[in-house]
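Asks: This is the structure I want to talk about, given as structure tokens.
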Amino acid sequence: MGVIGDGELESLLDDLHARSDAQVAAMQRYYAERAGLPPTEDEIKAFRSDKLVALDRDKAEFCYQLCRATKARRVVEIGTSYGVSTLYLAAAVRDNVRAAGGSGLVIGTEYEPKKARAARTHFEKAGLSGFIDLREGDLRETLVELEGPVDFVLVDIWIAMARPALQLVTPHLKPGAIVVCDNTQQHRRDYADYFAFLEDPANGFRTMTLPFGGGLEFSVHG
């Protein structure tokens, strides 16, 4: 059993990770076949529309552990997709509430209706819907209102949207809040704007890249 310690949820996650892993080879072939003529952004989005592209399991479990260790109650996920990593975050919030009472919520964001519908199905199957507020649409609109201080943020989205999303969330971060962003070493150059925001002293972040596959940015605010 994994770090969550919930047999039914772990079984669902096993299935979702297996589906995601099985799609990796197809994605690698797609990009390799188009290496000489890179696909457009719209072509990539169309190809990836049915792909889970789930956060790696070790990274997702790390996020669960971070949320438990910091007793996170208000979490924002930037880029929900099919909701795999959301389940880890919601499980952590649920377990924090069980341990100490009160309430908690994961605020998710997803632009594509098909993915949002699938994610909600996964949330219900896991029994975690009550801990998740999935906001469908353009995150530049759906994240404008964030009630209460935010404890933890996971950024796993189209790279061009990473900085705009972080800019929206930053004013709501509590002192000591953690922001985790995926694949920042693998796509370092593409994340230039994101790093420029993190490294600006006025924004109050301290950051380091952790040695997970592709790199995982670990940033603390305040």
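Asks: Which order, highest average first, do 207-214, 89-96 follow once you tally other Cβ atoms within 10 Å for each residue and take the mean per peptide?
Replies: 89-96, 207-214
Asks: Evaluate the charge dipole of region 1-97 about its Cα centre and quote only its size in Debye, nearest 20, assuming +1 on the Cβ of each Lys and Arg and -1 on the Cβ of each Asp and Glu.
Replies: Dipole of region 1-97, to the nearest 20 debye: 360 debye.
Asks: How large is the accessible surface of residue 190 in square angstrom, using a 1.4 angstrom probe and rounding to the nearest 10?
Replies: Using a 1.4 Å probe on the heavy atoms, I get roughly 100 Å².
Asks: If one computes P(r) from the Cα atoms of the chain, what percent of pairs lie at distances over 22 Å?
Replies: 49
Asks: Let me know the charge dipole size of the chain about its Cα centre in debye, to the nearest 20, where only the beta-carbon of Lys, Arg (+1) and Asp, Glu (-1) is charged.
Replies: Dipole magnitude for the chain comes out near 240 debye.
Asks: Residue farthest toward the positive end of the dipole of the chain, with Cβ of Lys/Arg at +1 and Asp/Glu at -1: which of 17, 170, 142?
Replies: Farthest along the dipole direction, towards plus: 170.
Asks: To the nearest Å, what is the center-to-center distance of region 18-66 and region 106-151, using C-alpha atoms only?
Replies: The distance from the Cα centre of region 18-66 to that of region 106-151 comes to 20 Å.
Asks: As a check on your grasp of the helix formula, calculate [θ] at 222 nm for the chain: sum -39500 (n - 2.57) over DSSP H runs of n ≥ 4, divide by the residue count, round to the nearest 500.
Replies: Estimated from H runs of four or more residues: -14000 deg cm²/dmol.
The values are calculated or read from the model by the stated rules, or taken from the named source; none is laboratory data. What you see is a predicted model, and the numbers here were worked out from it, not measured in a lab. Neighbour counts are summed over all protein chains in view; Cβ atoms, including those assigned to glycine, are modelled from backbone coordinates with ideal geometry. Keep in mind that these areas ignore ligands, DNA and RNA; they rest on the heavy atoms of the full protein, side chains included. Shrake-Rupley method; radii C 1.70, N 1.55, O 1.52, S 1.80 Å.
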